[in-house]
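Reviewing the structure listed below.
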Amino acid sequence: MTYKILGISGSPVKKGNVETLLNRAMEGLPAKNIEHDIVHLSGLKVRDCIHCNFCLTKQTPGKYCAIKDDGQAIYEKAETADIIVLASPVYFMRTSARMAALIDRFRVFVFGNLTAGHMKNKIGVSMAAAWLRHGGVETTHLTHTLTFLGLEMIPASVHQGVSPLGASVLTSINGSGNFDPAVSLGIENDELGLQSARLIMRRALDLAKLMNK
């Protein structure tokens, strides 16, 4: 069986720490029987949910939401994935605004007349990149994990990483908060954080295989 992984970068920065984190996490996976795709919210338009309740009764194939933007393409990718990774920068002790907007729009998979329950039993992985060591990594993971639980997904955890809640990387040296203008991708200096991403992805794949059985 081929397992499909969808990574979603909630960063507004193109080719920054979060996108690099997702790429490094995928590199640790086996070469065979894996397909992965990464969605960059930095290059897409995903508007806020307006709670119009269109999705409750009016969904049709190819139109799950009344809002006309890039949301539909993400919905379709998520539906076919076995593992979904939510990866966000931490700017203010929580997940990013772009990721929060997408999470709200995922209510189509809770209430939709066509799509309710379509995320059930998929594996969820949380990733967070923070400037400070204690600057909101775990509160970001908790937001992502609550999303997975609300969608009846199975959150992946691994105790060999930095945090059992998700892959956690620091973008300043040792999470000190000291700024070095010469460093553009701080996560490259956090090998423990990158290792946590590789470990949790392996765990997610193990869970996906168990669910397939």
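Read-outs throughout are calculated quantities, based only on the coordinates presented, and are distinct from any laboratory measurement. What you are looking at is a predicted structure, and each value in this text was computed from that prediction instead of being measured. Quick reminder, even Gly has a Cβ in these numbers, built from the backbone with ideal geometry, and neighbours come from all protein chains shown.
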Quote the charge dipole size of the chain about the Cα centre in Debye, to the nearest 20; the model charges only the Cβ of Lys and Arg (+1) and of Asp and Glu (-1). 500
Given the Cα-Cα distance of K14 and K63 and 0.36 nm per residue of separation, how much length would full extension add, in nm? 14.8 nm
Other residues with Cβ under 10 Å from the Cβ of H51 give, with Lys and Arg +1 and Asp and Glu -1, a net charge of -1
The stretch 118-213: relative contact order in percent, alpha carbon pairs under 8 Å with at least 6 residues between: 33
Give the span of the stretch 46-107's Cα atoms along each principal axis, as three whole-Å numbers ordered largest to smallest. 36, 28, 17
Note the per residue figure in Å³ for the convex hull of the C-alpha positions in the stretch 96-213. 103
Before anything else, pin down the relative contact order of the stretch 3-212: Cα pairs under 8 Å, at least 6 apart, normalised by residue count, whole percent. 23
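Multiply the residue gap between D104 and C52 by 0.36 nm, knock off their C-alpha separation, and tell me the result in nm, one decimal place.
Net length gain for the segment: 17.5 nm.
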Once the chain is represented by equal point scatterers at the alpha-carbon sites, with solvent omitted, what log10 I(q)/I(0) does the Debye formula produce at q = 0.10, 0.13 Å⁻¹? -0.41, -0.68
